[in-house]
1. Which numbered condition in (1) surrounded by fewer than 21 Cβ atoms within 10 Å (Cβ to Cβ); (2) within 30 Å of Ala240 (Cα to Cα); (3) modelled with pLDDT of 95 or more; (4) not aromatic (Phe, Trp, Tyr) is the only one that Glu80 fails?
2. How many of the residues making up the stretch 195-239 are of a type in the set (A, V, I, L, M, F, W, C) and over 26 Å from the mean Cα position of the chain (by Cα)?
3. Can you pull out every residue in the stretch 83-111 that is loosely packed, with under 15 Cβ neighbours inside 10 Å and over 24 Å from Ile293 (Cβ atoms)?
4. Look through the stretch 268-312, keep the residues that are part of a helix (DSSP H, G or I) and in contact (Cβ under 8 Å) with a residue 60 or more places away in the chain, and return whichever of them is nearest to Ala250 (Cα to Cα).
5. When you scan the stretch 313-320, do you find a residue that is among the hydrophobic types (A, V, I, L, M, F, W, C), over 23 Å from the mean Cα position of the chain (by Cα) and crowded, with 24+ Cβ neighbours inside 10 Å, even just one?
6. Cβ contacts < 9 Å: first residue buried (at least 24 other Cβ atoms within 10 Å of the Cβ), restricted to the stretch 171-182; second residue charged (D, E, K, R) and part of a helix (DSSP H, G or I), any location; separation 6+ or different chain. Result?
7. Of everything in the stretch 211-254, what is free of Cβ contacts under 8 Å to residues at least 12 places away in the same chain, within 20 Å of Thr180 (Cβ to Cβ) and not aliphatic (A, V, I, L, M)? Give them in sequence order.
8. Would you point out the residue of the stretch 188-204, among those that are among the hydrophobic types (A, V, I, L, M, F, W, C) and surrounded by fewer than 21 Cβ atoms within 10 Å (Cβ to Cβ), that is nearest to Asp255 (Cα to Cα)?
Amino acid sequence: MKRRETTVLMAVVLAVALLAGCSNGKAKDTSAAPTVAETSKAAETDAPKTVEPESTAKTAEEKVDKSYKIGISFPTLQEERWQNDYNYIQEYAKSVGGVELSMQVADNDSAKQYTQIESLISQDIDALIVCAVDVATIGPVVQSAKDAGIYVLAYSRLTENCDIDGIVLFDNEEVAKLNTEYIYSLVPEGNYVILNGDVASVPDVDSYPKGWYSVLQPAIDSGKIKVVMEQYCAGWSAEAGMSNMENALAANNNDIQAVICANDGIASGVLQALDAVGMNDGSVKVSGNDGDITACKNLIAGKQACFTAQDTKKQVELALKTAMELIDNNGKIISEVTGSFNNGKMDVPAITCSAQLITSEEEIKTQLIDTGMRDEKAIYGN
């Protein structure tokens with residue numbers, strides 16, 4: 001019994017000693033560690049102060065407030081496609097909220113666009129979305145934007161020899177291939193005219209021939225198809241398309257079976273030239289690109305054989321979303337990058353959109369009107 005009491009007593013003493021040891025250790029650690037307030041005060045007193053650049057501090061503040069200041073530089077509003085893009089991007093910015101747009105249109109004047117971008121840079125924008133009038137000459141001012149800490153996103157046309165963060169575009173080589181495959185199925189033999197866009201849009205216009213000739217070259221080599229004219233069209237305009245087509249008709253005694261056009265504006269000019277010589281009845285197969293309202297009307301009337309329709313509303317949304325991602329993620333694109341294009345200085349990450357071939361009134365209804373891409377009243381006037 002005494003031995004048991006002794007054992008219990010020793011256990012109690014040992015437990016008290018252990019508790020005392022733990023208590024002493026904890027008190028020692030607590031007394032040695034500064035409080036949060038003390039740490040902050042010490043940091044303010046002892047640590048060297050780092051002053052953030054004003055632009056960096058502003059960007060961080062905007063990210064918290066979900067505020068974005070984005071400059072837009074478009075080449076023109078001449079074609080319906082660009083008018084739509086101009087309206088769509090403002091509608092989308094309004095729908096997402098917190099986006100301040102500064103819009104500029106260059107009227108197909110490269111010098112004017114250069115000056116406009118300089119003005120946008122001076123407005124302390126966070127990002128710049130630019131579709132160049134002339135991809136070769138716009139490089140220096142785009143580089144100035146990058147050097148000023150502005151994120152730059154090319155739109156549809158790849159600016160050359162400068163640093164940019166990405167490009168959002170349609171796969172023009174695939175667009176050209178889709179159109180040409182259909183025209184070739186209708187005209188496997190004969191004389192072809194090929195009308196490209198403005199030469200200043202290189203390398204944008206360089207991608208079209210790759211698609212065209214991937215289809216036509218075997219028939220050209222065999223002699224079944226002869227390309228009697230291949231020309232650029234200044235400003236991608238109907239006037240240039242009409243002038244070139246008039247020359248082609250005159251040089252070939254009206255013996256032309258097919259015309260492949262880089263856009264619907266050029267195609268409408270071609271149809272005017274054909275109309276002047278009584279050949280605007282659909283016997284000459286004409287392709288286009290963009291899916292303008294005029295092209296829809298011409299196809300329904302049997303004058304235009306086909307066109308590729310581009311959902312530019314989706315392209316606009318991708319572009320604005322990507323610009324916002326660049327701002328939010330310090331220059332990193334979160335959206336799916338589908339490839340890259342070399343602009344002479346760097347490999348530019350690309351986000352590509354797909355187009356669809358339209359060859360009938362039924363496809364206009366199901367693929368364009370029913371999906372909301374085109375307005376039925378604008379096409380039919382009712």
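The values are calculated or read from the model by the stated rules, or taken from the named source; none is laboratory data. Bear in mind the structure is a predicted one, so any value in this text is a computation, not a measurement. Here Cβ is always computed from backbone atoms with ideal geometry, including for glycine, and neighbour counts include all displayed protein chains.
1. (3)
2. 8
3. The answer is Val96, Gly97, Gly98, Glu100, Ala111.
4. Val270
5. The answer is no, given that none of the residues of the stretch 313-320 is among the hydrophobic types (A, V, I, L, M, F, W, C), over 23 Å from the mean Cα position of the chain (by Cα) and crowded, with 24+ Cβ neighbours inside 10 Å.
6. Going by the 9 Å Cβ cut-off, the qualifying pairs are Asn172/Lys210; Ala176/Lys210.
7. Selection gives Tyr213, Gln217, Pro218, Asp221, Ser222, Gly223.
8. Filtering first and then ranking leaves Val199.
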